[in-house]
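Following: one structure in structure tokens, then a few remarks.
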Amino acid sequence: MRRLLLTAAATTAAALTLAACGTTEPAAESSEKPSEAITLTDATGAQVRLDGPATKVVATEWNVVESLVTLGVDPVGVADVKGYKTWDSAVPLKNEPKDIGTRGEPSMDTVASLAPDLIVATTDLTPAAVKQLRKVAPVLEVTSADASDQIGQMLENLDLIAKATGTTDQAKTARSDFEAKVAEGKKALADAGLAGTDITFADGYVASNQVSLRPYTSGSLIGTVNEQLGLKNAWTVKGDEAYGLGTTDVEGLTDLPKDTRFAYIGNDDDASATPFTGVLKKNAVWKSLPFVKAGEVYRLPDGIWMFGGPGSMGAYIDGLVAALTK
């Protein structure tokens, strides 16, 4: 009897929901199938079990936020919302999620208040934080980055999040769109006679009046994309095993090929992260560099997250190709 009452109540609720949406189709004719349980293995080898595709999702890192938006899932909670809007406007949020704190230290109380059915994190988040989050909801960890195969890792992460959210068709579309964008960009550069051109990409920041630069080596995501476009990465410094990022200073730029093209992404909202149009404008070493003298320094559009997903990398390709072929 209790089961019959519950079934009747559920049927009534479904009918009321359809009526509220303005439809005249009887609830009994709905073709939707009940959600099935999902079991996934995340990047750490942990088993993640869900009752069905996750819809209330919290994300602790910007690259997984971007993946969710790309898949058509509006996250209910995002770490550092303001930062995401500043640095990843190429794939903008379509809702106003709750800010759950910083990317390294999410607020457990805030996350719990959202009652999510899934939390997506990366392996950059500390094990202690992940352990606390698992007390709130299932946590799906994806590998933050992999210098041995950045594009493969980017797409693998997208596919895993898609399986958890029931959006595998959207993931396939994003993958094919990205592959088409790479092919389109490669052809445009080749047609312009730029195949095999040396390219240098870096970011930088100013702290205590000192400028530090980060070379994006062949192991970085952007470095990998550059090579997919038929360009040659001019950096010879070694990058880290995860992100493929190196370290250098302004003097280190003197080791670059004279005919290299130098590209970077700045940010008008963070002057300390845009030294190339700031403090370096008066730096004697910077001004003496051949590519600076030749005007081969290109600031690409703001808001392209250098560690993002297919959306950000598609925007990067558009920006770089436009800059090099203008």
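Computed from the coordinates by the stated procedures, all read-outs in this text should not be read as laboratory data. Everything numeric here is computed off the predicted structure, so don't read it as measured data. Please note: Cβ atoms are built from the backbone with ideal geometry, for glycine as well, and neighbour counts cover all protein chains shown.
Numbers at a glance
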item	result
Histogram of C-alpha separations across the range 172-326, 10 Å bin width, %	11, 42, 37, 10, 1
Cross-link partners of Lys238 among aspartates and glutamates (Cα-Cα below 20 Å; sequence separation of 8 or more within a chain)	Asp146, Asp149, Asp198, Asp203, Glu227, Asp249, Glu251, Asp255
Distance between modelled label sites at Asp124 and Glu251, nm, 7 Å Cα→Cβ extension	3.0 nm
The range 176-231: proportion of alpha-carbon pairs further apart than 16 angstrom, %	53 percent
Within the range 117-134, backbone nitrogen closer than 12 Å to the virtual label 7 Å beyond the Cα of Lys56 toward Cβ	117-119
Helical contribution to [θ] at 222 nm, DSSP H n ≥ 4, -39,500 (n - 2.57), averaged over the chain, rounded to 500	-11500 deg cm²/dmol
Most fluctuating residue given options Ala284, Ala137, Ala171, as computed from a GNM of the chain linking Cα atoms under 10 Å	Ala284
Two-decimal log10 I(q)/I(0) for the chain, as the Debye equation yields it once each C-alpha is a single scatterer, q = 0.08, 0.10 Å⁻¹	-0.45, -0.65
With Cα atoms, 0 to 90° folded angle of helix 310-325 axis to the chain main axis	30 degrees
Against the rule of thumb 2.2 N^0.38 Å, how large the Cα Rg of the range 33-166 comes out	0.96
Loop-resident sites, the range 166-264, for trypsin sites (Lys or Arg not before Pro), counting at most 15 other Cβ within 10 Å (DSSP)	Lys238, Lys258
Candidate aspartates and glutamates - alpha carbon under 19 Å from Lys131, same-chain residues fewer than 8 apart omitted	Asp42, Glu61, Glu105, Asp109, Asp117, Glu141
Estimated inter-spin distance, Lys293 and Asp109, nm [label 7 Å along Cα→Cβ]	6.0 nm
